[in-house]
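A short write-up of the structure that comes next.
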Amino acid sequence: MLKKSYYILLAALLTGTAPAARAQFFIGAGVYGHQYHKIGFFPGVQARIGIETNEGRFTADLGYNFSPLARKEDFTLPYIDPMTMALTNLKYTQRITASNLFFHGHVNLGTEEDDFQFGFIGGFSLDEFMINYEMENEPAGINFKEVETFNKTKVNEWKVDLGVKGNYRIGNGAVYTELLAGIPLLTPKAENAIQLKSHYGLQVGYKFYIGETRYAYRNY
């Protein structure tokens with residue numbers, strides 16, 4: 001679903017901004033950290049593409065966040081061996097991985113001739129969580145993966161993103177810092193393996209302008 005949504009948002013970015021005069025395209029990469037309510041903290045890496053228009057007063061970008069670190073939680077459940085009727089506790093490990101696709105618009109204060117720009121962010125994002133389970137010392141005759149509760153599960157959640165940002169131009173690009181909060185569009189279903197709610201986070205990186213940079217003449 002994330003891949004399909006990525007292509008839809010990419011098409012919207014390109015077609016919606018193609019007629020813009022004096023547009024400045026860019027690519028960027030960085031790191032991020034998102035704190036999800038009742039789930040935990042996920043740090044990761046980020047890639048984005050985008051465009052600046054109206055002399056740097058407006059930015060639109062499409063990006064992808066991926067956390068390579070899984071959040072783990074151990075728990076135990078009682079198990080009665082059907083052969084011996086012996087009661088034992090089985091140890092399970094729940095692993096959660098996260099990714100996030102976003103499409104944002106930025107209103108920047110100042111123009112492309114300013115080294116530093118402060119601004120405001122609004123847009124949408126799609127969170128995707130993969131939940132997997134493992135059992136330690138699985139008893140003979142049991143296959144816990146056949147139990148529906150412990151099947152590998154994917155949970156998606158659309159959110160509205162709001163935030164503030166700052167850009168500082170260095171070289172043929174700019175360092176960006178963004179503070180964001182994501183608010184769910186819909187109430188999560190009760191049967192979901194995890195209950196996705198609001199999140200907040202920090203994104204830091206560098207975007208490189210493609211082609212001739214219009215503000216470069218100021219430095220010579």
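One line per residue, one yes/no per condition, for (1) at pLDDT below 85; (2) among the hydroxyl-bearing types (Ser, Thr, Tyr); (3) over 22 Å from residue 42 (Cα atoms):
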{"residue": "122", "(1), (2), (3)": "no, no, no"}
{"residue": "125", "(1), (2), (3)": "no, yes, no"}
{"residue": "158", "(1), (2), (3)": "no, no, no"}
{"residue": "167", "(1), (2), (3)": "no, no, yes"}
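Starting from region 179-193, take each residue that is surrounded by 13 or more Cβ atoms within 10 Å (Cβ to Cβ) and at pLDDT below 90 and list its partners that are of a type outside the set (Val, Ile, Thr) and assigned to a loop (DSSP other than H, G, I, E, B), counting only C-beta distances under 6 angstrom and pairs at least six apart or across chains.
188/195; 188/196
Looking at region 33-66, which of its residues are touching a Pro at 6+ places or on another chain (Cβ under 8 Å) and of a type in the set (Val, Ile, Thr)?
45, the sole residue that qualifies.
Filter region 116-127 down to the residues that are of a type outside the set (Ser, Thr, Tyr) and buried (at least 18 other Cβ atoms within 10 Å of the Cβ), then identify the one that is farthest from residue 55 (Cα to Cα).
Among them, the one singled out is 127.
Within region 48-73, work out how many residues are surrounded by fewer than 16 Cβ atoms within 10 Å (Cβ to Cβ) and either of a type outside the set (Lys, Arg) or closer than 19 Å to residue 166 by Cα (or both).
Within region 48-73, residues that are surrounded by fewer than 16 Cβ atoms within 10 Å (Cβ to Cβ) and either of a type outside the set (Lys, Arg) or closer than 19 Å to residue 166 by Cα (or both) number 5.
Looking only at region 95-134, how many residues end up being in contact with an Asp or Glu (Cβ under 9 Å, 6 or more places away or on another chain), farther than 27 Å from residue 185 by Cβ and in contact (Cβ under 8 Å) with a residue 60 or more places away in the chain?
2
Of all residues in region 194-220, count the ones that are modelled with pLDDT of 90 or more and among the hydroxyl-bearing types (Ser, Thr, Tyr).
The qualifying residues number 3.
Exactly one condition in (1) in contact with a helix residue (DSSP H, G or I) (Cβ under 8 Å, 6 or more places away or on another chain); (2) closer than 24 Å to residue 30 by Cα is not met by residue 108; state its number.
All conditions are met except number (1).
May I ask you to list the residues in region 74-105 that are within 18 Å of residue 127 (Cβ to Cβ) and buried (at least 16 other Cβ atoms within 10 Å of the Cβ)?
Correct list: 94, 96, 97, 98, 99, 100, 101, 102, 103, 104.
The values are calculated or read from the model by the stated rules, or taken from the named source; none is laboratory data. Bear in mind that the values here come from a model prediction, so they are computed numbers and not experimental data. We place every Cβ from the backbone using ideal geometry, glycine too, and count neighbours over all the protein chains shown.
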